[in-house]
Structure formats: C-alpha cells, structure tokens
C-alpha cells in the first residue's frame, strides 16, 4: 500500500501544478485498490493452459473538486488515473493509464464537462444491472467492446430531467489520424472516429430503467463504416433481491455487423454485510457459428466502509471471457478478490 499511496500523492500534486487555480480550492483525493488472486484456465482450441494469477482490476487514483464562482455556478474538475498494482513498476506503457479527466461548469440546470470522460452510453444502466463490474466477469466480456467508450476530445451535458438523468456527449475524434484505406499515407482525416452518445437513466420506486444510443463515425475499421449501438437496461428490487436485465444491439451501415448482446443478473442480500450474485451473459455475433456465453457466481462480504472481500467463479464458452478478460475459447477463473476504496 505504500507504493500506491506514493503514486496517489504524486498524481494529486501533478494535477494541482497543472491547474494552479485549483490550489485555492478544497480538493478530494480518492482511489480504489482492486486485486484478485486465484486460478485462471484457458482452452483456445489449440492449447490448454492453467495458471495462478494476481490481477489488478481497474485500480485507480484521482483528485476531484469544485471552485465557487461569484454566482451560483461552480467550476468542477476531475483527474483520474488507472494504476496496475500487479504490473512491473517499469512497465510504463501499461502501469498508469488516464481515465476520466475533465473540467466543467455545474449549476441548477446541470453540468457541462470538457475533456475525457465516460460516454453516457457506457454508464447507462450499470448500477442497476452490472453487479460484477471491474471483475473477471465484467459485462464488457459480452457487450460490443467498441461501444463501451471513454471519449477523448469530448463535450458533454448531464442534467436531471424528470425522474431521471439525461446525458448527451459529442466527441470530436482525431484530426491527426491516417485512415487505414488512404491511398496517400500523408492524408490525414478530420474528426476521424467522432461519436455522439445520448442516454437517459431513471428510477421510479423499485424499478430502474435506462435507454441509450451511440453512433461511432468511421468506427476504426478499414472501410470507414459508421457503427450504432442501442442499449436497454432494466432493474427491479423486491426486498433484499435485485434483478437486472441488459439488452444491446450493434450494427453498422454496411451490414457487416449485426450483434445482439444480453446480460441477466441477480443479487440477493443475505444480511447487511453478505450477498450472493449470479450473472449470465450471451453475445450473438453475426457470422459466428456459436454464441459466446458467460456464467458467473460470486459471494461478497463487506468488512467496513470501503472494504469488501469476494469469491468469484466465472466460466466463458466460445470466447465468453474474451473481450475484457482476454481469455479466448472456453475458459474459467476461480479467484478471491479484495476492493479497498477511499
């Protein structure tokens, strides 16, 4: 934990120096250490391997805060980095990565953010359906990974509308990108990969509902096709049990992609500190003979504020643990994990 604390302090100081005006505001240093230890097996159809692994799952550190203005508006900021706590300290490429980093204005009408941030599509329905986020059984294994975006060069609006929250984002893409199919390699595209995203999350009593759509222009392929995702999320709470369902469709304007992705989840609280979670996901991909599936079962125990232990078994068939966990073919994990947030 000493190394983690030093990294957090260094990054916080860097953020303060980068934006000097923030030094006069009260900033909050925060973070999360999420590590797991256990067995990982993989059968990609060619080789069958099994190993013991210590893995860092989106562990992070950041600084955030706000500065009052002369009227009711506030200047807001957030600088967040992912820290791979299980990686070699000198692996600079993977050890520290930028996450959400933005500045903005917040008032009674909502807030506007400029910088790098999660798209509204990415966030839609997560809290009411995805009970195993950032673990080996993250829903990113099943959804279309290209639509799960944290966008650079973005401007976004977030505001309370009726019983829910509306999020709208435009990301300008890359003006310095050589398109793969360019005849002249010196030709640079303007706004290559730009995207628009809109989502609405609402909660009425025991029912949660989310709807979102996102279009990625020139979605990074050689043909320069536009790709559109549509996502629906539904959550229902009855007593100590929470039910969740996520359904996503992804297609492109050349009809080369036509995917349908589903996640069903159940979380049951045994008492104030213990819960069990079951999730089943399926990815129906155009052109694939078999659907990728993911099945997961977890037991969680809260030891105190910000501290949680869990045991997790996850099984992927036909690439069901591929996109996020990077396990191909038929694979499985059996791990113990710890999450410490501050």
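One Cα centroid belongs to region 280-322, the other to region 140-162; the line between them spans 21 Å.
When the P(r) of region 194-342 is calculated, the portion above 25 Å amounts to 44% of the C-alpha pairs.
Calculate the FRET efficiency for residue 50 and residue 207 from the Cβ-Cβ distance with a Förster distance of 56 Å, rounded to the nearest 0.05.
On the way: r = 43 Å, r/R0 = 0.76.
Efficiency computed from Cβ-Cβ geometry: 0.85.
Using the 10 angstrom Cβ neighbour count as an exposure proxy, how do 85, 238 rank, fewest first? Kindly include the intermediate steps, with their values, before the conclusion.
Numbers: 85 18, 238 8.
Exposure proxy ranking, most exposed first: 238, 85.
In terms of packing, defined here as the mean over residues of other Cβ atoms within 10 angstrom, the peptides 66-73, 192-199 line up highest first as 192-199, 66-73. The coefficient of translational diffusion for region 50-166, derived via Stokes-Einstein from the alpha carbon Kirkwood radius under 10 °C and 1.306 mPa s, stands at 96 µm²/s.
Packing, taken as the mean count of other beta carbons within 10 Å per residue, orders the peptides 34-47, 122-135 from highest to lowest as 122-135, 34-47.
The numbers here are math on the coordinates, done by the rules we state, and not lab data. This one's a predicted model, so the numbers in the text were calculated from it and none came from an experiment. Here Cβ is always computed from backbone atoms with ideal geometry, including for glycine, and neighbour counts include all displayed protein chains.
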